[in-house]
Structure formats: C-alpha cells, structure tokens
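Input: a single structure, listed below in structure tokens.
Bear in mind that the values in this text are calculations on the coordinates, not laboratory data. All of these numbers come straight from a predicted model, not from anything done at the bench.
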Amino acid sequence: MGLNRTAKGIVLVPTLLLGGAFLAAAAWADGPGDSNRNLAISLGAILMGSGLLAQLLPEPPPESGDPDPDPPGG
C-alpha cells in the first residue's frame with residue numbers, strides 16, 4: 001500500500017500538536033519541572049521534525065491506464 005496525502009496528514013497533525021505541547025511545556029517550566037526542560041525540548045523537536053519529514057516523502061506516481069479498456073456492451 002503506497003503513501004498518500006491522507007496518511008501524511010494523519011501523521012502530521014498529531015506530531016505537530018504533541019511536539020508543540022512539549023515545546024510549550026519546556027518554555028513554561030518552573031519549579032520542580034525545570035529539570036526536565038532538556039527532555040521536553042528534545043521530544044518536541046523530534047516529534048515536530050518527524051512530522052515535517054513525513055511530508056517530504058515522495059508519493060508514488062498515479063496508476064495510468066484504463067483498468068477495463070473494452071467494457072462489454074459498449
């Protein structure tokens with residue numbers, strides 16, 4: 001089964017949302033969560049990067065040709 005635009009969108013949306021959430025958590029980390037700032041930044045960057053990288057994967061060429069070139073009765 002080849003890649004298509006719908007599958008790319010299904011991958012892109014959650015990775016961007018989760019990556020943005022991790023980066024936002026890193027930006028507002030105060031107190032005891034401050035020690036996890038580097039982890040949140042790296043997870044957010046990895047998620048956002050993988051989602052954007054999935055958009056760069058090449059799509060297979062569309063199938064050419066008529067599946068039934070000589071329909072019956074026509």
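Quick one: length gained pulling Q55 to L18 fully straight, 0.36 nm per residue minus the C-alpha distance?
Working it through step by step, the gained length comes to 11.7 nm.
In a Debye calculation with equal point scatterers on the alpha-carbon sites of segment 1-49 and no solvent, what is log10 I(q)/I(0) at q = 0.23, 0.27, 0.30 Å⁻¹?
Debye curve over Cα of segment 1-49, log10 I(q)/I(0) at q = 0.23, 0.27, 0.30 Å⁻¹: -0.74, -0.88, -0.99.
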